[in-house]
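Structure first, then comments.
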Amino acid sequence: MREGELLWTPSDDRAGESAMARFLSAHGQDPGDPQAAWRWSVADLSTFWDGVWQFCGVIGERGDGPALASRALPGARWYPGARLNYAENVLARDWPDGKPALVALREDGRRVSLGMGELREAVARAAAGLRRLGVGAGDRVAAVLPNAEHAVIGFLAAASIGAIWSSCSPDFGPTGILDRFQQIEPKVLIAVDGYRYNGRGFDIRDTLAQLQEGLPSLAAMVVVPYLDEGAAALLGTVGWDELVAEPAELAYQRMPFDAPLWILYSSGTTGRPKPIVHGHGGIVLEHLKQLMLHTDLGPDDTFFWFTTTGWMMWNLLVGALLVGSTIVAYEGSPVFPDLGALWRMAEQAEVTVFGTSAPFIGSCMNAGLVPRELADLSRLRTVGSTGAPLSPDGFAWVYESVNPDVLLASISGGTDVCTGFAGATPLAPVYAGEIQTRMLGCALAAYDGEGREVIDEVGELVVTAPMPSMPIGFWGDPDGQAYRAAYFEAYPGVWRHGDWCRITGARGSVIITGRSDATLNRGGVRLGTAEFYRVVNALPEIVDSLVVDVADQLLLFVVLADDATLDDELRARIRTALRTQLSPRHAPDRIDAVGDLPRTLNGKNLEVPVKRILLGQPVGQAVATAALANPESLDVFIALKAELAGSAEPG
C-alpha cells in the first residue's frame, strides 16, 4: 500500500451528525474545511477553549477574564479564576439507569460491571477511606495496580478530595517503581499482591515489602488481594475491603484550574523518570476536546483501549467517562490465548471504539489474522492506533481485515501533555500512512534545523503556542529549570517534543517518521535509556552500555570488563535483571559486546547517531565525527547495519 492512498471517506450522515460538525457550526466555522477550522482554533485560543468549555459542558466555576491570561512558554496561565474538580466532571453527569459506566475484564474471564450509581458509591467509600488514612488535598496517592476497577475507583476517589494520583503497572520491578515514587513521596500506596499475564500468576509481595522500606513517606499501604486473600494481613497493611468499608456521601473539593491532578513520568532518557504534573482543568478540557470532538465519542459508545496503568492511554481511557461513554478496562496479555483475544473481547463487550498500539496491529497483520472472521465487529465505528507510527500497510489491513467502514484514528501525542498533537477527525477522509489532522487548539508545526517552519518536509515536531494540558511543571523542580531544559532549550518559547514529522500542504495531514531523540519505543510504550544503564552497568561484568531500538528490535551493546565473556549465561542475567528490576518490556532482543562506545568530547553517550547508522543513514549525516572522542568506535555499528538488514534474529 502506497502512502497517501485514499482508504475511507465519512458518509454525509456520520460527518454531519458528529459533535465536531456541531461544534464548528456553532462557532461559525465550515465543517467541510478542517484546515480552516484548525487555523481558526489556534488563531484565538481564548475563544476556542471557551467554546470547548461551553459546548462540552464543563462542571465548575469559570471565573472572570480571558481563558488564556498569559501566553508565555513556559509559564502560560489558563483560567486564573476557575475552580473545578475532575471527579465531579465524571460522577456528577447524568447517566441512564442500567447503562454500565465501567466494565473490567480479565484474560481469565473475570468480569466486573459497575453502573454509574455503583461507581459513585465505590468512589465515595474509597474517598472516605483515604481521608481516614490522613489523605487531604495536595497529598500524593500512588498505585501499583492492573487496569481494573480498583484503579479507576482509587483515582477518582483521590481526585475528588484534591489529592494527587500516580500509578505504575504491577509488572514494573521495585527499582522502576521506586525511581518514580520516591520522588513524589506518597502518603498512601494502593497495590495488588500479584497479577495475571499470559496465563500465569505473578506474586509481587516481595516487591511490596521493598516499597514499604523504600517509601518512608507512607502513612499506609492498601493491598488489593489478587492471589491471596490474606495478603494484607501478612504484610501488615490495610486491605481494600477495609478502605471501602464505610458508606459515605460524595463530596468534591473544587480546585484551581492548574491544581495538580496526577503525576505521570517521562521515559527517563537523561536520568530518573521525570515526574510530570498535570492539572485538573487542563486535562478536563483537553480530554473533552480529543474524545468528544476528534474521536467522536459520546454516550452511545463503549470505549476500549488496550493499556496498562503506567501508560498515559490509561488516563485517556478513564477520560471517556467525561463524555458519558462506557469504558472497558482489560487486564492481561493482548495475545492470550492467541492474537484474536482482544478482537473477540470487542464483540463480547459490544465495543464501538477500539484502541490499540501500532505494533499490535503490525503483529496481527504479519500473522495473517482476519479479525472480522473471528468476531462480529460490525459495531465498531472507530479503530484507534497510537504508540508508534502506523505503516500504510497497517492502515490498509484495518480496512481489509477489521471493518471497511471505520474511522481509523491514528494519533500522535505524548505523556508530556497527556493528549494528542495530531489525530482523527470525523469530517475528513483517511489516507494510508497519514494522521488526518493537527488537533484543534494545538499549534503544531514542523521546524527545520534553523528553526523555520516547513511544509511537505520532515522537521522537528514543535508546538508554538500554549496548550491547556502542558505540564504545570515537574515535581521537585521548583525553579522550573528541568522543565525548561526538557522542552524549550532548542527553540526558546517553543515546545520541542522529540519527534520527526512531516505536515502535508495538500491536506494538512501529519506523518510521524520517528523519534528525534534517544527515547525508545517498545510495543507502543516509550522507555528511557537511563533506566537501562543503571541496571546493566551495575553488573560487575559490564563496564559500559548503550541501548537503541531499531526495526522493532531492542538492541543492547555492552563493553565488558577485562575478565568477562558475553556468553548465554551473562545474556540471561542481563535480561533477568532488566525484567525483574524494571519490567519485561526492558528485556532486549539482542545483546552484543563491543570494544568501545562512541562518545562526544565531553563524554556524552550517542544513542541517536548509533540508531541512525543502524537504520542505514550515512555516517557523515548521522554524526559529526570531529565532535567524537573516539570516532573509530563507529566501525562496529557500520558493519552491523548490513547484518541487521538481513536478519532480525535475537542474539
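The values are calculated or read from the model by the stated rules, or taken from the named source; none is laboratory data. Bear in mind the structure is a predicted one, so any value in this text is a computation, not a measurement. We place every Cβ from the backbone using ideal geometry, glycine too, and count neighbours over all the protein chains shown. Side chains included, ligands, DNA and RNA excluded: accessible areas come from the protein's heavy atoms. Shrake-Rupley method; radii C 1.70, N 1.55, O 1.52, S 1.80 Å.
Of everything in segment 413-429 that's small (Gly, Ala, Ser) and closer than 19 Å to Leu73 by Cα, which residue is surrounded by the most Cβ atoms within 10 Å (Cβ to Cβ)?
Ranking the candidates gives Gly420 first.
Which residue pairs have Cβ atoms closer than 6 Å, lie 6 or more positions apart in sequence or on different chains, and pair a first residue in segment 378-394 that is under 15 Å from Arg2 (Cβ atoms) and touching a residue at least 40 places away in the same chain (Cβ under 8 Å) with a second residue that is charged (D, E, K, R) and open to solvent by 10 Å² or more (accessible area, probe 1.4 Å)?
Pro392/Glu3
Being touching a strand residue (DSSP E or B) at 6+ places or on another chain (Cβ under 6 Å) and crowded, with 17+ Cβ neighbours inside 10 Å is the filter here, so list the residues in segment 51-67 that pass it.
Across segment 51-67, the qualifying residue is only Gly60.
Across segment 196-206, what is the total count of residues that are open to solvent by 20 Å² or more (accessible area, probe 1.4 Å), within 26 Å of the chain's Cα centre (by Cα) and touching a residue at least 24 places away in the same chain (Cβ under 8 Å)?
Residues flagged as open to solvent by 20 Å² or more (accessible area, probe 1.4 Å), within 26 Å of the chain's Cα centre (by Cα) and touching a residue at least 24 places away in the same chain (Cβ under 8 Å) within segment 196-206 amount to 7.
Report yes if some residue within segment 70-79 is of a type in the set (Phe, Trp, Tyr), out of contact with any Cys (no Cβ under 9 Å at 6 or more places or on another chain) and within 18 Å of Met292 (Cα to Cα); otherwise report no.
Checked against the condition, which is being of a type in the set (Phe, Trp, Tyr), out of contact with any Cys (no Cβ under 9 Å at 6 or more places or on another chain) and within 18 Å of Met292 (Cα to Cα), segment 70-79 yields no hits at all.
Is there a residue in segment 279-295 that is under 21 Å from Val58 (Cα atoms), among the β-branched types (Val, Ile, Thr), out of contact with any His (no Cβ under 6 Å at 6 or more places or on another chain) and in a strand (DSSP E or B)?
Within segment 279-295, none of the residues are under 21 Å from Val58 (Cα atoms), among the β-branched types (Val, Ile, Thr), out of contact with any His (no Cβ under 6 Å at 6 or more places or on another chain) and in a strand (DSSP E or B).
Residue-by-condition table, conditions (1) under 22 Å from Ala465 (Cα atoms); (2) within 28 Å of the chain's Cα centre (by Cα):
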position: Ala19; (1), (2): no, yes
position: Leu45; (1), (2): yes, yes
position: Glu61; (1), (2): no, no
position: Ala69; (1), (2): yes, no
position: Glu88; (1), (2): no, yes
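Among the candidates Ser217, Ser267, single out the residue that is at pLDDT below 95 and touching a strand residue (DSSP E or B) at 6+ places or on another chain (Cβ under 9 Å).
Answer to the selection: Ser267.
Which one of the conditions (1) within 19 Å of Ala143 (Cβ to Cβ); (2) open to solvent by less than 20 Å² (accessible area, probe 1.4 Å); (3) under 25 Å from the mean Cα position of the chain (by Cα) does Pro260 fail to meet, given that it meets all the rest?
(2)
If Asn403 satisfies every condition in (1) open to solvent by less than 10 Å² (accessible area, probe 1.4 Å); (2) at pLDDT 95 or above but one, which is the exception?
(1)
List every residue pair whose Cβ atoms sit under 6 Å apart, with the two residues 6 or more apart in sequence or on different chains, where the first one lies in segment 167-186 and is closer than 12 Å to Pro273 by Cα and the second, anywhere, is buried (at least 22 other Cβ atoms within 10 Å of the Cβ) and of a type in the set (D, E, K, R).
Within 6 Å, the pairs are Ile184/Arg140.
Arg2 - would you say it is closer than 26 Å to Leu390 by Cα, at pLDDT below 95 and among the basic types (Lys, Arg)?
yes
Can you confirm whether segment 78-93 contains a residue that is small (Gly, Ala, Ser), without any contact (Cβ under 8 Å) to a residue 24 or more places away in the chain and surrounded by 17 or more Cβ atoms within 10 Å (Cβ to Cβ)?
Within segment 78-93, none of the residues are small (Gly, Ala, Ser), without any contact (Cβ under 8 Å) to a residue 24 or more places away in the chain and surrounded by 17 or more Cβ atoms within 10 Å (Cβ to Cβ).
Look through Val318, Val328 and report the one residue that is open to solvent by less than 10 Å² (accessible area, probe 1.4 Å), β-branched (Val, Ile, Thr), in contact with a Ser or Thr (Cβ under 8 Å, 6 or more places away or on another chain) and within 30 Å of Arg22 (Cα to Cα).
None of the others qualify; the one that does is Val328.
Given the structure, is Ile177 within 30 Å of Tyr79 (Cβ to Cβ) and crowded, with 17+ Cβ neighbours inside 10 Å?
Against the criterion (within 30 Å of Tyr79 (Cβ to Cβ) and crowded, with 17+ Cβ neighbours inside 10 Å), Ile177 does not qualify.
Does Ser363 satisfy the criteria of being hydroxyl-bearing (Ser, Thr, Tyr), surrounded by fewer than 20 Cβ atoms within 10 Å (Cβ to Cβ) and more than 11 Å from Phe306 (Cβ to Cβ)?
Yes; evaluated as a whole, the condition is true for this residue.
Looking for something β-branched (Val, Ile, Thr) and crowded, with 23+ Cβ neighbours inside 10 Å - is there at least one such residue anywhere in segment 225-242?
no
Just checking, which of Ala346, Ala358 is under 22 Å from the mean Cα position of the chain (by Cα), farther than 15 Å from Pro404 by Cβ and buried (at least 23 other Cβ atoms within 10 Å of the Cβ)?
Going through Ala346, Ala358 in turn, the sole match is Ala346.
When Ser333 is evaluated against the numbered criteria (1) in contact with a Leu (Cβ under 8 Å, 6 or more places away or on another chain); (2) closer than 20 Å to Arg110 by Cα, which criterion, by number, is the only one it fails?
Going through (1) in contact with a Leu (Cβ under 8 Å, 6 or more places away or on another chain); (2) closer than 20 Å to Arg110 by Cα one by one, Ser333 breaks only (1).
Would you check which residues across segment 565-587 are out of contact with any helix residue (DSSP H, G or I) (no Cβ under 7 Å at 6 or more places or on another chain) and part of a loop (DSSP other than H, G, I, E, B) and list them?
Thr565, Leu566, Asp567
Right, Ala142: touching a residue at least 40 places away in the same chain (Cβ under 8 Å) and either basic (Lys, Arg) or not in a strand (DSSP E or B) (or both) or not?
no
Contact list please: Cβ distance under 7 Å, first residue in segment 303-332 and in a helix (DSSP H, G or I), second residue modelled with pLDDT under 95, pairs at least six apart or on different chains.
Note: pairs meeting the criteria are Met312/Thr415; Met313/Thr307; Met313/Thr386; Trp314/Thr307; Trp314/Thr308; Leu317/Thr307.
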